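Trainee: Let me begin by handing over the structure; questions about it come next.
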Amino acid sequence: MSRGAWDGYWGKGASGCLPDADPRFGRALETLWRDFASRLPRGAKLLDLATGSGAVLRAIAAGGAKLDLTGVDSARTLPPAPGGIRLKAAVSMERLPFADARFDALTSQFGIEYGDVGAAAAEGARVLKPGAAVRLVVHRAEGPIVAHNLARRAALHWARHESGALDRARKLAEARRTARLATPPSFRAAPDEALRRFNGQAAAEFMAAILQTLDMGIAHPPAETLDVLAELERRADGEIGRLDALAAAARDEGAIRALSATLHGAGLAMRDPEPVAAGGDAFAWLLDGIRV
């Protein structure tokens, strides 16, 4: 997927890449990161790959660990970092702008699997000191997070493409250049139809946004309505792209073992992958290791 989808997402100040996830998952991840940080010496330099909003670093800092925290992400715009955390935008994890053996620890949460794992692992190993600790959390293909987001993707794709609502809305806006036309009943029925089709709000919210745009557009120039519809399209396409990337990045058991072997080949000695669970639901993979 294009980097632009993530640029827009993080640039709007999103707090994490899984905003609709069960809160139990977030709590389980916070516990993992605080436990990891508690084993590091005071002042240790930690690097977080594909940091996004800095969720890993925020969890560590909130737990009271006194570490030197840096996060990097390829997105050109990131939300402001809280005190004590450095977030560096427009940095590829495959080409890190740091000296050799600079960091004492390396982390990534739902990040490294989106890139070139071999290149990112080699760069991570390069900037780590010998014996540095590594903890990675990777999407689990069979888990509830992936299942939830695949369902959301299907709903949003239907609303954006298959329903034809966006094209009909554009035609109505164009027709309003010559006549003051009311919004047809079919647009008013669309949110309820979406709710009947899909177990979730994604499609219904998209349809409701189109309806609101058309209703408000009666009192404004049609060009403004068309601009808003284009923005709705851009946002939907960006989210569909992110959900496609998540599905492609998720690993089943065989693939996570292959990923672990790639890390080992780059100089990161990893233990066997372990499932990360909350309430009995395994939703991610945990990979722990050291820089050899």
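Trainee: Could you grab me the full set of residues in segment 238-262 that are basic (K, R), in contact with a strand residue (DSSP E or B) (Cβ under 9 Å, 6 or more places away or on another chain) and assigned to a helix (DSSP H, G or I)?
Mentor: R257
Trainee: Could you tell me whether any residue of segment 191-207 is of a type in the set (K, R), in the same structural domain as V117 (by TED's automatic domain parsing) and without any contact (Cβ under 8 Å) to a residue 24 or more places away in the chain? Spell out the reasoning first.
Mentor: Step one: list which residues in segment 191-207 are of a type in the set (K, R), which gives 196-197.
Narrowing further to those that are in the same structural domain as V117 (by TED's automatic domain parsing): none.
For segment 191-207, residues of a type in the set (K, R), in the same structural domain as V117 (by TED's automatic domain parsing) and without any contact (Cβ under 8 Å) to a residue 24 or more places away in the chain: absent.
Trainee: Another question, then. Could you tell me whether segment 165-188 includes any residue that is hydroxyl-bearing (S, T, Y) and touching a residue at least 60 places away in the same chain (Cβ under 8 Å)? Before you say what the answer is, go through the steps one by one.
Mentor: Step one: list which residues in segment 165-188 are hydroxyl-bearing (S, T, Y), which gives 178, 183, 186.
Those still in the list that are touching a residue at least 60 places away in the same chain (Cβ under 8 Å) too: none.
No: zero hits.
Trainee: Still on this structure: In segment 266-287, what residues are acidic (D, E) and crowded, with 16+ Cβ neighbours inside 10 Å?
Mentor: D281
Trainee: Which one of the conditions (1) in contact (Cβ under 8 Å) with a residue 40 or more places away in the chain; (2) assigned to a loop (DSSP other than H, G, I, E, B) does W33 fail to meet, given that it meets all the rest?
Mentor: The single condition W33 does not satisfy is (2).
Trainee: Can you find a residue that is in a helix (DSSP H, G or I), in contact with a helix residue (DSSP H, G or I) (Cβ under 6 Å, 6 or more places away or on another chain) and buried (at least 18 other Cβ atoms within 10 Å of the Cβ) anywhere in segment 89-109?
Mentor: In the first step, residues of segment 89-109 are kept if they are in a helix (DSSP H, G or I); the result is none.
Within segment 89-109 (the criterion being in a helix (DSSP H, G or I), in contact with a helix residue (DSSP H, G or I) (Cβ under 6 Å, 6 or more places away or on another chain) and buried (at least 18 other Cβ atoms within 10 Å of the Cβ)), the answer is no, since none of the residues qualifies.
The values are calculated or read from the model by the stated rules, or taken from the named source; none is laboratory data. As the structure is a prediction and not an experimental result, all values here were calculated from the model. Note that each Cβ is placed from the backbone with ideal geometry, even for glycine, and that neighbours are counted across all protein chains shown.
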